[in-house]
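The structure is given below, and queries will be raised subsequently.
Please treat every number below as a calculation from the coordinates, not as lab data. Remember, predicted model here, so these are calculated numbers, not experimental data. Here the Cβ is made from the backbone with ideal geometry for all residues, glycine too, and neighbour counts use every protein chain on show.
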Amino acid sequence: MMMPEFRTARVAARPIAMSDGYAVFNAYAQDAEVTRYLTWRPHRDRAETDAYIALCLAAPEDVARTYVLTNPTDGAVLGALDLRRPAPHRVEFGYVLARRWWGMGLMTEVLTEVTRLALSLDGVFRIGAVCDVENIGSARVMEKSGLVREGMLRRWMVHPNISDEPRDCFLYGKTR
């Protein structure tokens, strides 16, 4: 079972919905700088964003769930967090934050809480993720959130906004 909605001091997280398409597209999905290290290219139009959201919603909730991160005061979309449970004992994640909200510690706040919540779930002993070796911002977020760099995975993931070939990634994790 994945986590339901959750909150931090400055961010509310809830499962993504089709009605989020406009806000997601405008906040970050079309931004080439934001999507630089993601596994998908910037969306050219709303149809691509809607297709992405439909794909998120089609995943079984006990295996994967995508959350939209919002400002609890005005509901503005800040970014998204994807949680996956590829095996009963571990949770993996990915995240994106609109450029407007970079440098404020919001994703560190969210990831710190997600790490705490995930490791409190029955049977979960590990949470982790990878990031491109050049994605220093993401590496810092994971380290500040209490995850440890465990190594490097060579030629691990394709980041199509940088190269069509698999790139080296750092592996981060936290265990209980």
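Here are a few candidate values for Rg and Dmax of the Cα atoms in Å: (1) 16.6, 52; (2) 16.9, 60; (3) 15.3, 42. Which one was actually calculated from the structure I just gave you?
Structure-derived value, by its label: (3).
Only helical DSSP H runs with n ≥ 4 go in: add -39500 (n - 2.57) per run for the chain, normalise by residue count and round the 222 nm mean residue ellipticity to 500 deg cm²/dmol. Please report the intermediate quantities before stating the final value.
Numbers: 4 runs with 41 residues, N = 176.
Taking each H run of at least 4 residues, the total per residue is -7000 deg cm²/dmol.
Could you give each residue of segment 45-53 its phi-based ³J(HN,Hα) in whole Hz, using Karplus coefficients 6.51, -1.76, 1.60 with θ = phi - 60°, and x for Gly or Pro?
Per-residue couplings from phi come out as 7, 4, 4, 5, 5, 4, 5, 4, 5 Hz.
Compute the distance from the alpha-carbon center of segment 60-121 to that of segment 8-56, in whole Å.
13 Å
For segment 1-62, which GluC sites (Glu not before Pro) are in a loop by DSSP, counting at most 16 other Cβ atoms within 10 Å?
Details: sites: 5, 33, 48, 61; in loops: 5, 33, 61.
Taking segment 1-62 and a limit of 16 other Cβ atoms within 10 Å, the loop GluC sites (Glu not before Pro) found are 5, 33, 61.
Non-local amide H neighbours of residue 78 (under 5 Å, H modeled in plane, Pro and chain starts lacking H): which ones?
Those qualifying (amide H under 5 Å, at least 5 residues apart or on another chain) are 69, 70, 71.
Moving on. Taking neighbour counts of Cβ atoms within 10 Å as a proxy for exposure, in what order, fewest first, do 50, 168, 74 appear?
Numbers: 50 17, 168 14, 74 6.
Ranking 50, 168, 74 by Cβ neighbours within 10 Å, fewest first, gives 74, 168, 50.
Using the basic label-point model (7 angstrom from Cα toward the beta carbon), what is the residue 122 to residue 61 distance in nanometres?
1.7 nm
Of all chymotrypsin sites (Phe, Trp or Tyr not before Pro) in segment 85-176, which ones are in loop regions per DSSP and have a Cβ with at most 16 other Cβ atoms within 10 Å? The partial results should precede the final answer.
Values: sites: 93, 95, 101, 102, 125, 156, 170, 172; in loops: 102, 125.
Hits after loop and neighbour filter: 102, 125.
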